[in-house]
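Visitor: Got a structure for you, questions after.
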Amino acid sequence: MNLYREQGVVLRTWKLGEADRIVVLLTQGEGKVRAVAKGVRKTKSRFGGRLEPFSHVDLSLYRGRELDIVTQAEVITPFRALREDYDRVVAGTAMLEAVDQVAQEREAAIRLYLLLVRALRALDGGPRDPSVVLDAFLLKLMALEGYRPALAECAGCGARGQPRCFSIARGGGLCERCRTGQESTLDAATMPLLAALLGDDLDTTATAEPAPASRREAGALVKGYVEYHLDRRLRAYPLVAR
Amino acid sequence: MYEGPVQDLIDELGRLPGIGPKSAQRLAFHILKVETVDAERLARAITEVKARVHFCRVCWNVAEGDLCRICKDTRRDPSLVCVVEEPRDLVAIERTQEFRGRYHVLGGAISPIEGIGPDDLRIRELLSRLEPDAIREVILATNPNIEGEATAMYLARLLNPLGVRVTRIASGLPVGGDLEYADEVTLGRAFAGRREMPV
């Protein structure tokens, strides 16, 4: 059967021709899917605002050779508060961008999908600092992809105890014996902050109010870590307010 | 594939948006077939548009001289400014004949996923117009999609403290549409923006 149903989140869209759009989705069962939404840019389109980035939708798709075709879309979560706040939109876009880079086409991605939906809910749901939710999400995403940074032990020798310096290339903190001297020593609060961002639940991490200095330091490390290991630049990240 | 100049023409036409190799070939052979005067008129139109059209120094609309048609028109209210993404949007609003103020063309919208931030748009130019033109109201008419909304939210946050009235064009149901096919987001907005029925 060439018609199938999936739940997914719209990651980004590209204009196609006069009135169509290519919609890139992260779905539960099919991973990343690229599909054409015909006539979606016309004001009278029956898809309307359902296929914008952040849309969490229940879809009917027609399987094509290269691109699928969206035949129906219904909203599951509107994420209205997220869409109506500039800082949350920018932070959320950075999440979508990172997911777009790690997701594989036609490969089930249930855990990735659930992580993204949970993160968008956390962004949508409260007065939390969007940049904190974003950093927590990115660290969890890296862990899911097999790049969990070592934060409670040394990435070099595995020695227990929270390290004070961090090496992006070696994948986490380094103890005094393993460090080469090139890595700078972190603010005392930064490593615990990174560990909390990685370990805590997405809804609770952000309620803590970390010091601005270690927030900035942690942010720079998260960006560097993701970009180094994914070998991609995060374009939306620098636009997030801190 | 073809003799030099014909292939050159096909290649050049093929660079245009939405024109594939087959369409380019079809257009090239059409040009070969038409009268020389017609082909020259097309060539002249292309050279002239590049030579004579600039951006208006006030609103950044396309203009033949220093100022665009709208900024030159003294009957239009300079204290009302409608902010749009592209000159094409300006033309769409002009067609409604509802707006008698002036415009400001941003040259795009904030798009974090493409790395386009506020500094890449003509926002500074808008701010510098506020005082000299004694602007009372800024109407945000960016597209009602994620990028356009993000741009509108950013501008509202920037302009509100400056004592200017900031409004956003309404979103809702298209005239002639059907309620049952409206999506939840649009219908929700239409409800939020409902108004008294004039009697």
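The values are calculated or read from the model by the stated rules, or taken from the named source; none is laboratory data. Here the structure is a predicted model, which means the values were calculated and not measured. FYI the Cβ positions are ideal-geometry reconstructions off the backbone, even for glycines, and counts take in every protein chain you see. Ligands, DNA and RNA are stripped out before the accessible areas are found, and what is left, the full protein with its side chains, is counted by its heavy atoms. Shrake-Rupley method; radii C 1.70, N 1.55, O 1.52, S 1.80 Å.
Visitor: Before I look further, what does region B:143-199 give for accessible area per residue, probe 1.4 Å, in whole square angstrom?
Guide: Dividing the accessible area of region B:143-199 by its residue count gives 69 Å².
Visitor: Let me ask something else. Roughly how much of A:Y228 is accessible, in Å² to the nearest 10, using a 1.4 Å probe?
Guide: Its accessible surface works out to 130 Å², give or take rounding.
Visitor: Between 0 and 90 degrees, rounded to the nearest ten: what's the tilt of helix A:130-144 against the longest Cα principal axis of chain A?
Guide: Long axis of A:130-144 versus the principal axis of chain A: about 90 degrees.
Visitor: What do you reckon, how do A:C178, B:C59, A:C157 stack up by accessible area (1.4 Å probe), largest on top?
Guide: I get A:C157, A:C178, B:C59, largest accessible area first.
Visitor: Distance between the C-alpha centers of region B:126-167 and region A:116-153? Whole Å please.
Guide: Spelled out, the Cα-based centre of one part sits 33 Å from the other.
Visitor: Residues of region A:214-242 that become at least 20 Å² less accessible with every protein chain present than in their own chain isolated, using 1.4 Å: which are they?
Guide: Buried by 20 Å² or more upon assembly, which counts only protein chains, are A:R235, A:L239.
Visitor: Also, quick follow-up: Based on alpha-carbon positions alone, could you give the equivalent ellipsoid semi-axes of region B:72-168 from the gyration tensor, as √(5λ), descending, whole Å?
Guide: So the equivalent ellipsoid measures 21, 16, 11 Å along its semi-axes.
Visitor: Between chains A and B, what is the buried accessible area summed over both chains (1.4 Å probe, protein heavy atoms, nearest 100 Å²)?
Guide: The contact between B and A buries close to 2200 Å².
Visitor: Another question, then. Taking the Cα centre of region B:1-41 as the origin and placing charges on Cβ (Lys, Arg +1; Asp, Glu -1), which of B:P5, B:Q25, B:V37 is farthest toward the positive end of the dipole?
Guide: B:Q25
Visitor: Also: Taking 25 Å as the cut-off for C-alpha to C-alpha distance, list the pairs among A:K38/B:K22; B:K50/B:K72; A:K15/B:K22; A:K44/B:K50; A:K32/A:K140; A:K15/A:K140 that go past it.
Guide: Flagged as over cut-off: A:K44/B:K50; A:K15/A:K140.
Visitor: Anything losing 10 Å² or more of accessible area from the isolated chain to the full protein assembly: pick those residues out of region A:86-102, probe 1.4 Å, ligands and DNA/RNA ignored.
Guide: Buried-area filter returns A:Y86, A:D87, A:V89, A:V90, A:T93, A:E97.
Visitor: Further, regarding this structure: For region B:4-52, how big is Rg over Rh, using alpha carbon atoms and the Kirkwood form of Rh?
Guide: 0.99
Visitor: Just to compare against my own numbers: the Cα pair-distance distribution for chain A, 5 Å bins, whole % per bin, please.
Guide: 1, 6, 14, 17, 17, 14, 11, 8, 5, 4, 2, 1, 0, 0
Visitor: Determine the share of the protein assembly as shown's accessible area contributed by carbon and sulfur atoms, expressed in whole percent, with a 1.4 angstrom probe.
Guide: Here carbon and sulfur together make up 51 percent of the probe-accessible area.
Visitor: Let me ask something else. With equal scatterers on the alpha carbons only and no solvent term, can you work out the Debye log10 of I(q)/I(0) for the protein assembly as shown at 0.06, 0.09, 0.12, 0.14 1/Å?
Guide: So the normalised log intensities work out to -0.35, -0.75, -1.14, -1.31.
Visitor: Just the number, please: Stokes-Einstein D of region A:1-102 in µm²/s, Kirkwood Rh from C-alpha pairs, 10 °C, 1.306 mPa s.
Guide: 115
Visitor: Moving to a separate point now. Could you sort A:T43, B:T151 by their accessible area in this structure, using a 1.4 Å probe and putting the largest first?
Guide: Descending order: A:T43, B:T151.
Visitor: What is the Cα radius of gyration of region A:98-242 over 2.2 N^0.38 Å, N being its residue count?
Guide: Working it through for region A:98-242, the quotient is 1.03.
Visitor: On to the next question. When the Karplus curve 6.51 cos²θ - 1.76 cosθ + 1.60 is applied with θ = phi - 60°, which whole-Hz ³J(HN,Hα) does each residue of region B:179-195 get, with x for Gly and Pro?
Guide: Each residue's phi maps through the Karplus curve to give 4, 5, 9, 5, 7, 4, 5, 5, 5, x, 5, 4, 5, 4, x, 5, 9 Hz.
Visitor: Now a separate question. For B:H30, tell me the accessible area in Å² from a 1.4 Å probe, rounded to the nearest 10.
Guide: 110
Visitor: Let me check I have the definition right: for region B:116-193, take the eigenvalues of the Cα gyration tensor, multiply each by 5, take square roots. What are those semi-axes in whole Å, largest first?
Guide: 29, 14, 10
Visitor: Run the quick spin-label model on A:D201 and A:K44: label points 7 Å from Cα toward the beta carbon, then report their separation in nm to one decimal.
Guide: Taking the two extended label points, one gets 4.9 nm.
Visitor: Regarding chain B, what whole-number volume in Å³ per residue does the convex hull of its Cα atoms give?
Guide: 223
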